[in-house]
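The values are calculated or read from the model by the stated rules, or taken from the named source; none is laboratory data. Values in this document were obtained by computation on a predicted structure and should not be read as measured data. Cβ placement follows ideal geometry from the backbone for every residue including glycine, while neighbour counts extend to all protein chains displayed.
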Amino acid sequence: MVAIYPGSFDPVTNGHLDLISRACRVTDRLIVAVLHNEGKQALFSMEERVEMLREVLRPYPTVEVDSFSGLLVEYAAAKGATAIMRGIRAVSDYEYELQMALMNRRLRPEIETLFLMSGEAYSFVSSRLVKEVISLGGNIEGLVPGPVEERLKRRLQGQKL
Ligand code: PNS
């Protein structure tokens with residue numbers, strides 16, 4: 001099975017990595033696809049987000065990193081994927097994910113959205129909170145991969161979001 005794991009990844013967290021390692025067990029090929037969204041103000045550029053993902057995903061031979069714009073299901077179809085992977089951390093994720101999954105199903109019924117439960121150690125981790133905590137001088141050790149922590153520190157410490 002070829003699957004897409006889409007997201008903003010601004011930046012990749014250990015929660016994303018946990019999901020990717022779980023997804024690898026049930027896919028032949030996993031494409032981690034970074035959304036190119038002109039309208040959304042991101043901390044890291046598309047190139048930086050892709051670069052960080054490629055660096056931390058080097059140990060996963062069946063995973064590749066790409067970027068996309070436009071409709072996710074059209075990108076998935078063009079890549080020959082039959083599934084979209086998403087993670088659920090808590091009940092609060094459910095409503096948004098359900099809406100997206102049902103809209104995507106309406107657009108392309110042949111592509112199935114599959115949900116994996118995040119590891120409980122990461123159920124509270126999000127890119128947004130990690131950025132907020134580090135910009136206020138808090139410790140984010142263990143929440144993002146080492147190289148990402150370094151980049152966040154360089155970009156954000158001492159600067160409020
Ligand atoms: O990491 P995120 O921000 O939760 O990821 C959201 C993402 C990229 C999955 C979603 O915004 C998306 O699929 N955008 C592409 C545009 C699209 O297909 N929109 C209709 C989805 S119902």
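Odds and ends about this structure:
- Screening Met85 on (1) away from the ligand (no atom under 13 Å from the Cβ); (2) aliphatic (A, V, I, L, M); (3) under 24 Å from His36 (Cβ atoms); (4) surrounded by 16 or more Cβ atoms within 10 Å (Cβ to Cβ) shows it passes everything except condition (1).
- If the condition is being charged (D, E, K, R) and over 24 Å from Ile4 (Cβ atoms), then region 107-161 contributes Glu120, Lys131, Glu132, Glu141, Glu149, Glu150, Arg151, Lys153, Arg154, Arg155, Lys160.
- Screening Val91 against (1) at pLDDT 95 or above; (2) among the aliphatic types (A, V, I, L, M); (3) more than 13 Å from the ligand (Cβ to nearest atom) leaves a single unmet condition, (1).
- Across region 25-35, the number of residues qualifying as buried (at least 19 other Cβ atoms within 10 Å of the Cβ) and either of a type outside the set (A, V, I, L, M, F, W, C) or away from the ligand (no atom under 16 Å from the Cβ) (or both) comes to 1.
- Within region 1-20, being more than 10 Å from the ligand (Cβ to nearest atom) and surrounded by 16 or more Cβ atoms within 10 Å (Cβ to Cβ) holds for Ala3, Pro11, Val12, Thr13, Asn14, Gly15, Leu17, Asp18, Leu19, Ile20.
- Residue match in region 57-69 (condition: within 14 Å of the ligand (Cβ to nearest atom) and hydroxyl-bearing (Ser, Thr, Tyr)): yes
- Cβ-Cβ under 8 Å pairs, at least 6 apart or on other chains, region 54-83 side of a type in the set (D, E, K, R), far side assigned to a strand (DSSP E or B) and away from the ligand (no atom under 16 Å from the Cβ): Glu64/Arg29; Lys79/Val2
- The residues in region 89-132 that are in contact with a Ser or Thr (Cβ under 7 Å, 6 or more places away or on another chain), under 30 Å from Leu152 (Cβ atoms), surrounded by 13 or more Cβ atoms within 10 Å (Cβ to Cβ) and not hydroxyl-bearing (Ser, Thr, Tyr) can be counted, and the count is 3.
- Region 36-47, subset touching a Ser or Thr at 6+ places or on another chain (Cβ under 8 Å) and of a type in the set (A, V, I, L, M, F, W, C), residue surrounded by the fewest Cβ atoms within 10 Å (Cβ to Cβ): Met46
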